[in-house]
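What follows is one structure encoded as structure tokens, with my remarks underneath.
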Amino acid sequence: MAVAGLPRLPPGRDVALDGRGITFVRELPGPPGAPTILLLHGWTASADLNWFACYAPLARHYRVLAIDHRGHGRGIRTRARFRLADCADDAAALIDQLGTSPVIAVGYSMGGPIAQLLWHRHRDKVAGLVLCATTDRFSSGTREGRAWLGGLQMMARMARLTPDVVLQTLSRRVLSARVVDGPLSEWVRNEIARGNPRSLLEAGTAIGRYDAGPWIGAIDVPTAVVLTELDTVVPPGRQRRMAAAIPGAEVFPVAGDHAVCAADARRFVPALLGALHSVSRRAARDVSVSR
């Protein structure tokens, strides 16, 4: 049942990943025999913040799983430094735990590198990729970009020396200031506050250092790119460059900025579904040919 000030959310539960920790997963069964999609959210968000407006329409066609990444939302908590590769390994462990392999991995922004790494490190678990509002290399290489990354790295180092209670207070103030007032604004602020500030800072530096250029062209599963044409965070040119580097990747443009998945789901969801239908058809054809 929907509650005032809260979105309608599907069932979720804690899942213990063997030897890794406890994470939180949303699950929707979808139609009988439907392909499984694994939703991988963006930086500073949670699965719910990224995908709440997409859950129901996706579940009409697919079995839907959505994980909170480590240090984000209700994801795994650890003192280890944040690594995108660990997030990919967490996703692989979840696939094993739930017996769903292979999946179509759907990565948004930071979730794009995690999806790419899931394929790179665990190819048998990935039937296809849908990469949204993302790229294979985030750093611009400019002086401004290097300065931004250096500042983030310094803050991440300082966070290691700062008490958690102080970090939580500062983080809530800074991140909450980004939230536009509206019917769900208090829920959004509370959801952002679930994240671990130290992990979020380290995640930002990991994104800035990420570069899949040496191997992105080796991706051999059906892939689609949902290209956010008005994106001011991940420039559309970088998204197009990534799409051009992946053999056979199809592009599904959407006229929206980086937050279009939540801010304008009526515009975003049709492009996402088009990308998923394309990948699932091609994946099914590939399975049929290999038999």
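Things worth noting here:
- Placing +1 on the Cβ of every Lys and Arg and -1 on the Cβ of every Asp and Glu, with nothing else charged, gives region 177-291 a dipole about its Cα centre of roughly 260 debye.
- Check: region 47-86 dipole with +1 on Lys, Arg Cβ and -1 on Asp, Glu Cβ, in debye: 200
- Dipole of region 1-106 [Lys/Arg +1, Asp/Glu -1 at C-beta], most positive-end residue of GLY99, LEU6, ALA88: LEU6
Any read-out appearing in this document is the output of simple, stated calculations on the displayed coordinates, not a laboratory observation. The model shown is predicted, which means the values in this text are computed figures rather than measured ones. So basically every Cβ, Gly included, is an ideal-geometry build from the backbone, and we count neighbours across all protein chains shown.
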